[in-house]
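A short worksheet on the structure shown next.
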Amino acid sequence: MRDIKITNISDKPQEVDAIPVLEYTHPRALQQYTNADWIPQTMQSKASKDGEYVILLQYPFMFRDTKLNYFTSNMPVSSFETDRKKFLGDNEYGTWADPVSLQDDELSNTEALRGDNIAALMHHLGTLASGQSRQLITLLGQGPNLDAARPVIERWRNPEEVEEALEELSAFWDSYLSTMQVNTPDSAMNAILNVHNPHQCFITRTWSRYLSYYQLGLGARGIGIRDSSQDVLAIIPAMPEDAKAFLKTLLSFQKQNGSAMHFFNPLTMEGSEGDSLEREDRPHYYSDDHLWSILGITAYLKEAGDFAFLDETVPFYDKDKQGNPLESASILEHIQRGLNFTRSDIGAHGLPLLGFADWNDTINLAKGAESLFSAHLYGRALTEFIALLEHLGKDTAGWRKAYDEMKSRVEQHAWDGEWYVMYFDHDGTPVGSHKNQFGQIHLNGQSWAVLSGFASQARARQAMDSVYKRLNTKYGIKLSTPGYNGFDPRYGGVTTYPPGAKENGGIFLHPNPWAMIAETMLGNGDRAYEYYSQINPAGKNDLIDLYESEPYVYPQNILGDEHPQFGLARNSWLSGTASWMYQTGTQWILGIRAEYDGLRVDPCIPSKWDGFKATRKYRGVTYYITVNNPKHVCKGVAHVTVNGGRAEGSLIRAERGASEVNVQITMGSS
Ligand code: GLC
């Protein structure tokens, strides 16, 4: 449904025609481009007069009696067109910018019997005085037949119904966005955190990497398990129930051995091993997919306090011949299965085997390679799981041992002198080392060594300083450097890109917030904020000719400084950057994050800030938080009051019964 308002903004009366038009594709959309035999012979249109209105019907012949597309409007129609060739005119030399048929008063009333089908309706709106407006509502829908569609059509012809629906929609957004609102000294940060970033997070949660300007969805890939497991993290505060249900869906693609499928198709609920199937000689699993959901489950529990969730059961993906799941288990067991998979799936240094790839799905090394990324993600997931077990009063000794084992292997083998390496090849050669010609230092190897807690304080600082020195640019942090300069089958996908593009030395944005989180963990709010601001799309207006992406959406990648088009952004909307930048801004820089017992307020902000304000809804209570920074520190909470009374520490215990809580924080040495 489209609610269109046409206003005469000139100072003279104008005669106005409105001709909404759309073009159909066959439901097998790819074949529209590849099968010029079958598709054009099957596409047909019909017109149905409905009083003064017209309903255009369209169908591939096989769906004539089951799935009918319809297009109509709420204004009288004097003529219509359903044949693209006739609409554009001049045997299709006419263009969409200047369709030849619009030189006549009326369209040809052709009911297309084949070929490229469109739907166009001619409305003569009459003369509009200066400043006068008309409303035109159009409706595109699908139903089993026209009779079944009629009630829907009649409903949406009514402007009052349309208005009500739009009000409902804006009420949804008001409520969604009111979960957290911030007021910082940085207007670009306020704009992105209050509206655009959480909006993008909703879109990535809903559509993930399914279908976009850049991905084909059906056929090419589906919903990414690791992608969605990270997207969901950002919407947990606003939509915990949705997150809970979605986490269960994602867990149903975990296998009995603890690993997970790579994609799934939400229409058929079929999982797939993704690109790994392209190489017979490589493993058909990814070393990280199954670990991400552990972060989601623990984040959900911290937000909602709903520990019964751990006992709910979800099937594993393995099925018998009839397609029934072979086993179901509790959420708690799913977590343990995932951790145990990584614990035992290890290589020569005792580090997790890479599988086909880890988060960076373009580094595809031969069987036997080990992944530091997956070691760190495992470390992070273990840290979260141990904290959960502690909260539940359960024994953690075995899991602590697992954590310490992995930590000591990383510390023993992966330090390269000034930073951590990223992989070990099947023969033990490091990848992401000063010894390599290309890809000497990888961002994720450093930030995640901090996120996992595996790096000692000194190494963590040095590794993150190496990131600043070797990888940072004015448009964002590069994923690795220098870029591989030529295809090399030993490394796979990454070397199919020229240096500076995407994962090959480009500014891949998704991992940028991980570096910011690492900096806040190390207490460097100035640097975290510098990294934050340099990729904030709300600051890109003046660069738009170079940047080319929407200045309110995080893109997936920006070309790096080895590429002649350094600064050009691509793949907007569908990127894990949205989720992680939202988490970074709200939970790590502003430092307001849910824990099992309450809200933690532990900011790590730029020292120049005098403070900030925020409101956060948490377990049904609204927290009004004011942070003052009189000593101009980056981190440290000196003094806390809750509803006027002095409180201990930066954890604000969850309130029951109250509807509002006032929190005053004074930063300084803790
Ligand atoms: C894309 C993919 C994601 C992958 C990332 C890095 O964002 O959707 O699955 O992890 O690229 O290669």
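Read-outs throughout are calculated quantities, based only on the coordinates presented, and are distinct from any laboratory measurement. Given the structure is predicted, the values throughout are model-derived calculations rather than measurements. Glycine also receives a Cβ, built like all others from the backbone with ideal geometry; neighbour counts cover every protein chain displayed.
Under the classification rounded if a/c is under 1.5, otherwise prolate if a/b is larger than b/c and oblate if not, where does region 1-55 fall, given a ≥ b ≥ c as square roots of the Cα gyration tensor eigenvalues?
On the way: a/c = 3.53, a/b = 2.11, b/c = 1.67.
The shape class here is prolate.
Counting other Cβ atoms within 10 Å, which GluC sites (Glu not before Pro) in region 576-670 have at most 11 and lie in a DSSP loop? All intermediate terms of the calculation are to be shown ahead of the outcome.
Details: sites: 595, 648, 655, 660; in loops: 648, 655.
Of the GluC sites (Glu not before Pro), the ones in loops of region 576-670 whose Cβ has at most 11 other Cβ atoms within 10 Å are 648.
If you count the DSSP beta bridges with both ends in the chain, what percent of them are antiparallel, to the nearest 5?
Numbers: 91 of 98 bridges.
Approximately 95 percent, going by the DSSP bridge assignments.
Region 335-379 and region 129-145 have Cα centres separated by 54 Å. First check a/c for region 2-174, with a ≥ b ≥ c the square roots of the eigenvalues of its C-alpha gyration tensor; if it is under 1.5, answer rounded, and if not, answer prolate when a/b is larger than b/c or oblate otherwise. Here region 2-174 falls in the oblate category. Using θ = phi - 60° in the Karplus curve 6.51 cos²θ - 1.76 cosθ + 1.60, the 3J(HN,Hα) couplings for region 486-500 round to x, 5, 9, x, 5, 9, x, x, 4, 8, 7, 9, x, x, x Hz; x is entered for Gly and Pro.
For region 204-360, what does the alpha-carbon gyration tensor say about shape, rounded, prolate or oblate, given a ≥ b ≥ c as the root eigenvalues, a/c under 1.5 as rounded, and a/b over b/c as prolate? Present the calculation step by step, with values, prior to reporting the outcome.
Numbers: a/c = 1.40, a/b = 1.14, b/c = 1.23.
Rounded, since a/c falls under 1.5.
Relative intensity of region 590-667 on a log10 scale, I(q)/I(0) at q = 0.11, 0.16, 0.28 Å⁻¹, equals -0.24, -0.52, -1.46, per a Debye sum over C-alpha point scatterers of equal strength in the absence of solvent. Placing dummy labels 7 Å off each Cα toward the beta-carbon, the span from residue 638 to residue 268 is 6.3 nm. If you wrap region 427-537's Cα atoms in a convex hull and average its projection over all directions, what's the area in nm²? Convex hull of Cα atoms, orientation-averaged projection: 7.2 nm². Cross-link check: pairs 319/502; 469/502; 540/617; 613/635 evaluated at a Cα-Cα cut-off of 27 Å; pairs beyond the cut-off: 319/502; 540/617.
Given an 8 Å cut-off on Cα distances and at least 6 residues of separation, report the relative contact order of region 2-174 as a percent. All intermediate terms of the calculation are to be shown ahead of the outcome.
Details: 330 pairs, mean separation 58.5, N = 173.
Rounded, it is 34 percent for region 2-174.
Spin-label model, residue 435 to residue 465: label points 7 Å out along the Cα-to-beta-carbon direction sit 2.5 nm apart. Normalised by 2.2 N^0.38 Å, where N counts its residues, the alpha-carbon radius of gyration of region 88-188 equals 1.66.
Rounded to whole Å, the principal axis extents of the Cα atoms in the chain read 78, 64, 53, largest first.
Ratio of alpha-carbon Rg to the 2.2 N^0.38 Å globular estimate for region 127-232, to two decimals, please.
Details: Rg = 19.8 Å, N = 106, 2.2 N^0.38 = 12.9 Å.
The reported ratio for this selection is 1.53.
Where in region 399-500 are there trypsin sites (Lys or Arg not before Pro) that are in a DSSP coil and have at most 16 other Cβ atoms within 10 angstrom of their Cβ? Before the final figure, lay out the partial values.
Values: sites: 400, 401, 407, 409, 435, 459, 461, 469, 470, 474, 478, 490; in loops: 435, 474, 478, 490.
Passing sites in region 399-500 are 435, 474, 490.
Hey, if you drop one equal point scatterer on each alpha-carbon of region 518-643 and run the Debye formula without solvent, what base-10 log of I(q)/I(0) do you get at q = 0.11, 0.12, 0.20, 0.21 Å⁻¹? These q points yield log10 I(q)/I(0) values of -0.48, -0.56, -1.14, -1.20.
The alpha carbons of region 545-590 occupy a box of 36, 19, 16 Å along the principal axes, longest dimension given first. Maximal additional length on extending the residue 155-residue 100 stretch stands at 16.4 nm, based on 0.36 nm per residue less the C-alpha distance. Amide hydrogen proximity for residue 4: with H placed 1.01 Å from N in the peptide plane, the residues at 5 or more positions away or on another chain lying under 5 Å are 136, 137, 138.
If R0 equals 35 Å, the separation of the Cβ atoms of residue 203 and residue 133 corresponds to a calculated FRET efficiency of about 0.70.
In a fully extended conformation the segment linking residue 662 and residue 171 would gain 174.2 nm over its present Cα-Cα distance, using 0.36 nm per residue.
Our coupling estimate for region 587-594, obtained by passing each phi through the Karplus curve with A = 6.51, B = -1.76, C = 1.60 and θ = phi - 60°, is 8, 10, 6, 6, x, 9, 9, 6 Hz, Gly and Pro reported as x. One decimal place: the segment residue 608-residue 257 gains 121.3 nm when fully extended, by the rule 0.36 nm per residue minus the C-alpha distance.
For n ≥ 4 DSSP H runs only, could you compute -39500 (n - 2.57) per run for the chain, divide by its residues and tell me the 222 nm figure to the nearest 500? Write down the numbers at each step before the final one.
Values: 19 runs with 208 residues, N = 670.
It comes out at -9500 deg cm²/dmol, rounded to the nearest 500.
Based on the Cα coordinates of region 326-400, what is the per residue volume of their convex hull in Å³? Don't skip to the answer; put the middle values down first.
Details: hull volume 8.6 nm³, N = 75.
Convex hull volume per residue, Cα atoms: 115 Å³.
Each residue of region 303-319 is assigned a 3J(HN,Hα), and the resulting list reads 6, 9, x, 9, 6, 4, 3, 4, 8, 5, 9, 9, x, 7, 6, 4, 10 Hz, derived from the Karplus form 6.51 cos²θ - 1.76 cosθ + 1.60 (θ = phi - 60°), x at Gly and Pro.
Amide H contacts of residue 598: 654, each under 5 Å away and 5 or more positions distant or on a separate chain (H built 1.01 Å from N in the peptide plane; Pro and chain starts excluded). Summing +1 for each Lys or Arg and -1 for each Asp or Glu among the other residues whose beta-carbon sits under 11 angstrom from that of residue 258 gives 0.
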